[in-house]
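Have a look at this one before I ask anything.
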Amino acid sequence: MIASHHAARARHPALGTLLALSLLAALALAVVVGPGGVAPRDALQLIARRLVGAGPPTDPDVALVDAIVWSLRLPRALLAALVGAALGVAGALTQGLFRNPMAEPGVLGVSSGAAVAAVLGFSLGLDALGLWVTPALSAVGAIGILLALLALAGTRHGIATLLLAGVALAALCSALTTLMLALASERWDLGLKVVRWLMGSFEGRSWDHLAGALAPAALGLLAGAWLRRDLDTLQLGADTARSLGVRLERVQLLTILSAAILVGTSTAVAGVIGFVGLIVPHVVRMLAGPGHRRLLPLSGLLGASLVVLVDTGSRAFGDRSLPPGVITSLLGAPFFLWILRRHGRRLDHLDR
Amino acid sequence: MTSSPTAPPRRRGAALVALALLACSGPPRAPASSDEEAVARGRTLASQTVLSDEVLWELGPAVRDRVVAVSVMADDPRYSAVVDRWPEAVPRLAGTSEALLALKPGYTFVASFTSAEARALLDRHGAPTHVLDGFTGFADYRRHVGDIARLAGAEQAGRALVERFDGELARLSRDVPTPAVGLVSYNEGVIAGRDTSFHDVALAAGFRNIAAEHEITGHRSISDELLVSWDPAVIVIPCGPPSCDASERAFAQRPGFSATRAAREGGVIALPPDNLYSVGRGMIAAVTALRRRHPSLRSPAP
């Protein structure tokens with residue numbers, strides 16, 4: 001056990017570099033691949049031109065290619081990376097807090113809260129007021145559920161109460177979402193919007209979405225990184241952690257806040273992207289060990305690469321637009337089962 | 001017909017077989033003879049589709065008086081062409097078979113997407129249904145009007161309705177602007193290809209449907225990038241709040257789309273949803289609106 005952790009630690013710098021390079025490669029691929037038929041060289045040249053401060057081209061034909069690469073592909077790829085990183089880190093934080101490898105950010109109910117607020121906005125036609133409305137409403141929904149979770153389970157109760165309250169709130173939000181859909185079942189345009197949003201998508205996301213998500217995601221990532229030592233100590237058990245000076249209630253509160261900010265931000269800008277928060281920390285734990293100093297940044301890097309690649313793949317085949325949230329679940333579920341079958345015993349050991 | 005609790009087992013079995021046979025029988029055949037037309041003229045009617053709400057109204061007072069229910073969308077301005085026209089006494093029903101059964105309609109017009117269970121339940125309880133399937137443009141409209149009119153015993157009114165529709169189309173088709181300009185419809189990433197009412201509307205208004213030219217049939221979700229790369233001269237969107245003009249302006253500023261010819265040259269056209277998505281007479285209004293905004297009719301730049 002100790003030897004394997006030392007080996008994992010030795011692999012860590014190389015693994016970090018490898019994952020960072022993978023993310024850069026995935027981003028490069030994302031800006032040269034797409035149904036718009038832009039030559040990879042043209043795409044890279046246009047981005048280089050923009051990066052040195054050039055404005056939009058004046059020639060209409062070049063401006064169209066510039067719009068495809070600079071206004072559609074690049075912000076979409078960067079947003080996918082941000083969302084992937086946020087979900088990967090949120091997953092690691094949630095599993096660390098609950099000391100349970102089956103926990104995923106959805107158990108806090110935050111993504112369901114974001115979803116119910118977005119669906120309410122669609123039902124009332126508020127989304128027509130601007131592209132910012134749905135992300136803003138989702139953020140309000142995520143914050144609302146977070147406050148409800150803290151009010152119900154707060155820091156005075158144990159982890160189990162927190163988990164159950166999160167599950168109950170998620171179920172309540174799902175029921176409210178279904179109720180709104182049922183009451184408007186004859187409005188096919190509403191159904192179309194809701195289903196597309198719930199499937200998760202980066203379609204039509206712009207620099208504005210990226211700018212809106214950057215600050216809260218950075219806050220969540222930094223707060224998560226700050227908690228790494230306490231989360232490591234927490235793995236020894238609540239009593240041991242307390243005896244070692246960990247202020248359990250504060251760690252619990254900050255971890256919930258960080259994970260909720262990360263998941264709420266992701267859901268607000270991209271809808272529901274499943275399985276990333278569950279599977280990515282598992283893979284990283286197998287490669288680099290359970291320590292949160294490594295687990296958190298590497299989960300961010302792997303989550304970012306995974307979501308960028310999935311989104312690029314969804315645009316690469318044919319003229320249909322496939323929702324990345326569906327692809328992550330289609331890939332993630334069998335992969336997760338394979339990991340459980342292959343490494344089940346080792347995972348049990350790590351999680352003890 | 002039903003067996004009493006004291007009926008001997010054999011009689012009870014026979015009754016059950018008879019009930020099962022009755023339940024398995026399909027809806028009554030469409031009337032063909034004049035006697036059957038007379039029967040059809042006496043039937044009460046219920047509508048559970050927005051198209052039949054519209055057609056039953058258009059068939060005239062004799063048919064309207066026999067309508068016992070219309071769909072819950074009949075007063076929804078997003079889809080219906082007969083908003084607030086049906087009297088308040090006619091209930092708006094949202095496909096609940098219990099409420100429909102209570103009205104005992106002689107015929108209920110449902111759509112192919114109405115739940116199969118609800119349709120089967122209506123049939124089993126002697127409330128026959130007519131299923132309107134296929135809403136892919138002008139030809140389907142004519143067929144549905146013919147079917148609804150025949151089952152309502154108002155074939156002549158139905159023929160007149162179709163003739164009026166075709167007359168207006170013929171009038172609009174005169175002097176169709178040339179050359180045909182490429183356009184696409186767009187709503188939440190979904191575009192309309194061949195075999196859609198929008199396709200027929202676009203062609204009748206003097207446009208080429210770019211989605212159909214790319215072998216897209218029906219409605220399909222595509223990526224924004226692909227649509228932008230087609231660089232259409234006209235993009236047709238549904239009007240949203242607060243106004244059609246505001247929808248056009250907002251769409252023309254969307255990232256990526258702002259570089260298309262449509263956005264640069266004023267070719268983003270927002271149509272009221274009850275015209276854009278109509279499978280009835282709203283299609284004529286859509287053709288009229290699109291013809292009025294055809295790029296060839298724009299005054300040349302000074």
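Taking the stretch B:199-229 as the region of interest, how many residues are in contact with a Phe, Trp or Tyr (Cβ under 8 Å, 6 or more places away or on another chain) and outside any helix (DSSP H, G or I)?
Count: 2.
Let me ask something else. Can you find, within the stretch B:170-195, the residue that is modelled with the lowest pLDDT among those that are within 14 Å of another protein chain (Cβ to nearest Cβ) and in a loop (DSSP other than H, G, I, E, B)?
Looking at residues that are within 14 Å of another protein chain (Cβ to nearest Cβ) and in a loop (DSSP other than H, G, I, E, B), I get B:GLU188.
Could I ask something else about it? Report whether or not B:ASP75 is among the acidic types (Asp, Glu), under 23 Å from B:ASP133 (Cα atoms), in the same structural domain as B:ALA46 (by TED's automatic domain parsing) and not in a helix (DSSP H, G or I). Walk me through it before giving the result.
On the way: among the acidic types (Asp, Glu): yes; under 23 Å from B:ASP133 (Cα atoms): yes; in the same structural domain as B:ALA46 (by TED's automatic domain parsing): yes; not in a helix (DSSP H, G or I): yes.
So B:ASP75 passes the test.
If you scan the stretch A:19-38, which residues turn out to be part of a helix (DSSP H, G or I) and either open to solvent by 50 Å² or more (accessible area, probe 1.4 Å) or away from chain B (no Cβ under 12 Å) (or both)?
From the stretch A:19-38, those part of a helix (DSSP H, G or I) are A:19-32; that's our starting set.
Within the stretch A:19-38, A:LEU19, A:ALA20, A:LEU21, A:SER22, A:LEU23, A:LEU24, A:ALA25, A:ALA26, A:LEU27, A:ALA28, A:LEU29, A:VAL32 qualify.
Check the stretch B:202-211 and report whether any residue there is in contact with a helix residue (DSSP H, G or I) (Cβ under 6 Å, 6 or more places away or on another chain) and at pLDDT 95 or above.
So far as the stretch B:202-211 goes, yes, one or more of its residues are in contact with a helix residue (DSSP H, G or I) (Cβ under 6 Å, 6 or more places away or on another chain) and at pLDDT 95 or above.
Just to be sure I understand, how many residues within the stretch B:184-201 are within 28 Å of A:PRO324 (Cα to Cα), touching a helix residue (DSSP H, G or I) at 6+ places or on another chain (Cβ under 8 Å) and buried (at least 20 other Cβ atoms within 10 Å of the Cβ)? Step through it out loud before you land on a result.
Of the stretch B:184-201, the ones within 28 Å of A:PRO324 (Cα to Cα) are B:184-194, B:196.
Filter once more, keeping what is touching a helix residue (DSSP H, G or I) at 6+ places or on another chain (Cβ under 8 Å): B:184-194.
Narrowing further to those that are buried (at least 20 other Cβ atoms within 10 Å of the Cβ): B:184-186, B:191-193.
Total meeting the criteria: 6.
Something else now. Which residue pairs have Cβ atoms under 6 Å apart, sit 6 or more places apart or on different chains, and have a first residue in the stretch A:41-67 that is within 11 Å of chain B (Cβ to nearest Cβ) and of a type in the set (Gly, Ala, Ser) and a second that is surrounded by 13 or more Cβ atoms within 10 Å (Cβ to Cβ) and not in a helix (DSSP H, G or I)?
So the pair list comes out as A:ALA63/A:PRO56; A:ALA63/A:PRO57; A:ALA67/B:GLY256.
Is at least one residue of the stretch A:328-341 open to solvent by 10 Å² or more (accessible area, probe 1.4 Å), among the basic types (Lys, Arg), closer than 22 Å to A:GLY204 by Cβ and out of contact with any Gly (no Cβ under 8 Å at 6 or more places or on another chain)?
no
Within the stretch A:205-324, considering only helices (runs of 4 or more DSSP H) that don't extend past its boundaries, which have at least 2 residues that are in contact (Cβ under 8 Å) with a residue 40 or more places away in the chain and of a type in the set (A, V, I, L, M)?
On the way: elements: A:207-226, A:228-234, A:238-243, A:248-270, A:276-288, A:292-316.
In the stretch A:205-324, the matching helices (runs of 4 or more DSSP H) lie at A:207-226, A:228-234, A:248-270, A:276-288, A:292-316.
Each row is one residue, and each column tells you yes or no for (1) more than 14 Å from chain A (Cβ to nearest Cβ); (2) under 17 Å from B:LEU161 (Cβ atoms).
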{"site": "B:THR49", "(1), (2)": "no, yes"}
{"site": "B:PRO61", "(1), (2)": "yes, yes"}
{"site": "B:VAL72", "(1), (2)": "no, no"}
{"site": "B:PRO77", "(1), (2)": "no, no"}
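Is there a residue in the stretch B:140-154 that is modelled with pLDDT of 95 or more, of a type in the set (A, V, I, L, M, F, W, C), in a helix (DSSP H, G or I) and open to solvent by 20 Å² or more (accessible area, probe 1.4 Å)?
no
Also, I was wondering about something else. Identify, from the list B:LEU271, B:LEU226, B:LEU276, the residue that is within 14 Å of chain A (Cβ to nearest Cβ) and open to solvent by less than 10 Å² (accessible area, probe 1.4 Å). Don't jump to the end; show me each part of the working.
Values: B:LEU226 fails: open to solvent by less than 10 Å² (accessible area, probe 1.4 Å); B:LEU276 fails: open to solvent by less than 10 Å² (accessible area, probe 1.4 Å).
Sole residue among the options that is within 14 Å of chain A (Cβ to nearest Cβ) and open to solvent by less than 10 Å² (accessible area, probe 1.4 Å): B:LEU271.
The values are calculated or read from the model by the stated rules, or taken from the named source; none is laboratory data. Just so you know, these numbers come straight off a predicted model, no measurement behind them. Note that we place each Cβ from the backbone using ideal geometry, even for glycine, and neighbour counts take in every protein chain shown. The accessibility values were calculated without ligands, DNA or RNA, using every heavy atom of the protein model including side chains. Shrake-Rupley method; radii C 1.70, N 1.55, O 1.52, S 1.80 Å.
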